[in-house]
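Scroll down for the structure; my scribbles are underneath it.
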Amino acid sequence: MIRGQRQGAGEVPRLRVDEVGDALLVSVNGVHPATAAVTRALPTETGRICVVMTDPALAYHPDLGYRLCRWVPTRYEAVRLISPCAGMADQSGRIPAQHLCELVEADVIAPVGELVAVPGGTLYALAGGADGTDGQWLRYRPGRPPLGAGRRFPLPEWERELADVADPSIPEVTVEQIPAGLWVRRSHSPAGPVEPTDLAFAVPVQPDTVTLLVSRPGDPPLPAADLRRTIEAIPAALRERLVVTPYGDTPVADGALGATASAAANRTLRVRTGLALHLSGRGAQVAAVGVDGAPTWIPFAREIAWRPHGGGRILSWTAPTDQLLPAGPAQFMLNERWLVEVLEAGLWIREVNRTEGAAVIRRLSLEAEHCTVVIGVGDEDQAAPPWRAVDRLLHRLPGEALARLRLAVPAAAGQWFAEDMTKGLRRTLRGLAPLVLTPAGRLLGPAGEEPGRRPSSASEPTGQSAPPAGAVAAGVPGRRKSTSVDEISSLLSYVDQIRQAPAWDELPGESGPPRSPVAPPARPSLGRAAEGNAQATSPTDDGQAVLRPPAPPVVVPQSAPVVVVAAPVAVAPSEREAGPEPAPRPARRAAASQVDGDADGMANEEAPE
């Protein structure tokens, strides 16, 4: 946080008043160019001029009234004093904003406490004062007591409505304001106390949308009952503006965040897949945030509309690459027969007229460390995908997504499909086996365990572990019955065997011994917020994404009145050439099957502009 430095007693420095854009910059002996840049970016108000002071004590300068008379009250009838703690008493007991108000005989609005500059142009007054008046702007008037003027500048439409939110008084749960809206989280976090450099204070403020930020990276999931009580305490008029935002992979326990929130609000809610951030050079993006609080990658699905007890549909999305033609809401054509569908977790590559297993695949949740791509449908009778086109698509994904890529195949697709994928995408898989998506919605590795988890018993043979019984009970919509436990176990074992088999383009004498798995490429990060620095990725000659130092952030000098929150930066790597296309596999059935509907009964719809 940047705090102003006060001048020593008895000094009368030379005062400068510079007109920077539509604001005035008051300083002594000049200021840093970064301060002028912040001043120039300030929003304007009708009839009120912004006056930026590097030190609130400059309000007592004997020349200030004379220097400001050109603007106030001749051209402007009021002043917004942008200087930290200018609206509260200093060590001498005087209030700089009150003194300036009487000096120019005009209304002066000033902050009580420190300021945070939010990307997008909002100034937010931090809370934390012991006198109960901290965390707001106050309007000082000549000869009258001050009035509250909100916590944000400029004021969003929902500022006054947010003040009516009652404290739900939930034990061990904190509900506090942030620039973009509200933040509900556990009171005691392993990450320690919240600092103004946290990414929660970097979420841009939208004039007509209130963000409800849920949980905190590294915290245990918030109980669903606590989230319901928080949403029920929000006024009905404010719920219409609500956008629920997860802060971490598992923000709430006992169900999906969108399902819990929409049921509590009893209305359809917009739910972001990640944290909304301003990324340098890329504009407004929605980024997944890891357990360490750093952005990892930008998911292709931005927002999902969740209705009470009815599931969700993709509301806003971005194209995985520029080479794909739109085929419908959140869908793109891979070729004349295959399409790419955007999921919350990543992508789904399937035939145009096949949706078996859609209810399970579309409900895969986003993970900060993985970009999941599901290939095929939940039926063994399906055509072989165009592996060359699929390989080319995968290697054209953004660098941060490609580095976290993991491939999955529905268990009902059968052994032949897993074998075909392993051979056709051998370069992409790098010797690793694809995951198997069970009818229960679990992603299992070759040993039958979820990725990243140790086997539950050392006596279980590798590749023979069966999934939980829930995988049998949950059926997959399609033309065949649910896959049995034996079939899933057999497929997992078979995938583990074929991942070391020779590729389709290798001669029999060139196969050699089984290859050991190759580690995936280093994962580029979109940046770290807690340290105030951004990490960036850049393409190298071989197309791999590597970390590079970020561009120097705009740093306000020590005497400046605002805090600039650093924004993460990410650069996509160059495109990569795909390998040769494997020999086509004849379709298991020539006739196209009837398209199964989504279990939720809702089609994806394009978000209104």
TODO: Sketch the reach of a paramagnetic label on Arg267 as a point 7 Å from Cα along Cα-to-Cβ, and name the residues of segment 233-250 whose backbone nitrogen lies under 11 Å away.
DONE: 235-243
Open item on the list: With Kirkwood's inverse mean 1/r over C-alpha pairs for Rh, give me the Rg to Rh ratio of segment 69-114, two decimals please.
Closed with: 1.01
Task: Residue exposure sequence - Cys85, Cys371 - by fewest surrounding Cβ within 10 Å - done: Cys85, Cys371
Task: Radius ratio Rg over Rh of segment 258-334, counting only Cα atoms, Kirkwood formula for Rh - done: 1.03
Open item on the list: Ignoring solvent entirely, what values of log10 I(q)/I(0) come out of the Debye formula for segment 303-387 at 0.22, 0.24 Å⁻¹ when each Cα is a single scatterer?
Closed with: -1.17, -1.34
TODO: Can you put Glu105, Glu344 in order of Cβ neighbours within 10 angstrom, beginning with the fewest?
DONE: Glu105, Glu344
Open item on the list: Please report, in whole Å³, the volume per residue of the convex hull around the C-alpha atoms of segment 15-153.
Closed with: 108 Å³
Task: Nitroxide proxy distance, nm - points 7 Å out along Cα→Cβ at Ser365 and Val194 - done: 2.1 nm
Open item on the list: Give the residue list of trypsin sites (Lys or Arg not before Pro) in segment 61-144 that are DSSP loop and have at most 15 other beta-carbon atoms within 10 angstrom.
Closed with: Arg70, Arg75, Arg94
TODO: Would you please state the base-10 log of I(q)/I(0) at q = 0.09, 0.16 1/Å for segment 159-287, with intensities from the Debye formula using one equal scatterer on every alpha carbon?
DONE: -0.23, -0.75
TODO: Figure the gain on full extension for Ala163 and Ser92 (residue separation times 0.36 nm, minus the Cα-Cα span) and round it to one decimal in nm.
DONE: 22.4 nm
- [ ] Translational diffusion coefficient, Stokes-Einstein: compute it for segment 225-267 using the Kirkwood radius over C-alpha pairs as Rh, at 4 °C and 1.567 mPa s, and state it as an integer in µm² s⁻¹.
- [x] 121 µm²/s
- [ ] Neighbouring Cβ atoms within 10 Å as the yardstick, rank Trp338, Trp317, Trp158, Trp71 fewest first.
- [x] Trp71, Trp338, Trp158, Trp317
Task: Stretch gain in nm, segment Glu19-Arg40, where the contour uses 0.36 nm per residue and the Cα spacing is subtracted - done: 6.6 nm
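The numbers here are math on the coordinates, done by the rules we state, and not lab data. Please read all numbers here as calculations on a predicted model, not as lab measurements. When we count neighbours, we look across all protein chains shown, and the Cβ atoms used for this are built from the backbone with ideal geometry, even at glycine.
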